[in-house]
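Below is one structure, written out as structure tokens; the observations come after it.
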Amino acid sequence: MSKETKEPKKESFEASLKKLENYVQALEAGDKGIEESLEVFEKGVALARELSQRLEEAKQKVEVLAKGENGFSKKPLSKLDQE
């Protein structure tokens, strides 16, 4: 019997963004000590980097159907920007 390793389900983008907003609000409130503020800041920076990476990956996956000589073909969004 083999063990299957499951990757933990990634939190939705929207849920992660909400968490980042909560970190920002906590820091803006200014009611935390320096150590706790630094910890929240570090978590926020890491989460912002992750969200940025996820957005970049989504951007790369976005394709637009474009009418070509042989019917419809997929054309990366970045190529449309150049036209």
Note on the range 8-45: residues of a type in the set (Gly, Ala, Ser), surrounded by 11 or more Cβ atoms within 10 Å (Cβ to Cβ) and under 17 Å from the mean Cα position of the chain (by Cα) are SER16, GLY44
Reported set for the range 4-18 where residues are more than 16 Å from GLN53 (Cα to Cα) and modelled with pLDDT of 95 or more is LYS18
Per the filter on the range 33-83, residues at pLDDT 95 or above and either part of a loop (DSSP other than H, G, I, E, B) or over 29 Å from GLU11 (Cα atoms) (or both) are GLY33
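The values are calculated or read from the model by the stated rules, or taken from the named source; none is laboratory data. Keep in mind that this is a model prediction, so the values were computed, not measured. Cβ atoms come from the backbone with ideal geometry, glycine included; neighbour counts cover every protein chain shown.
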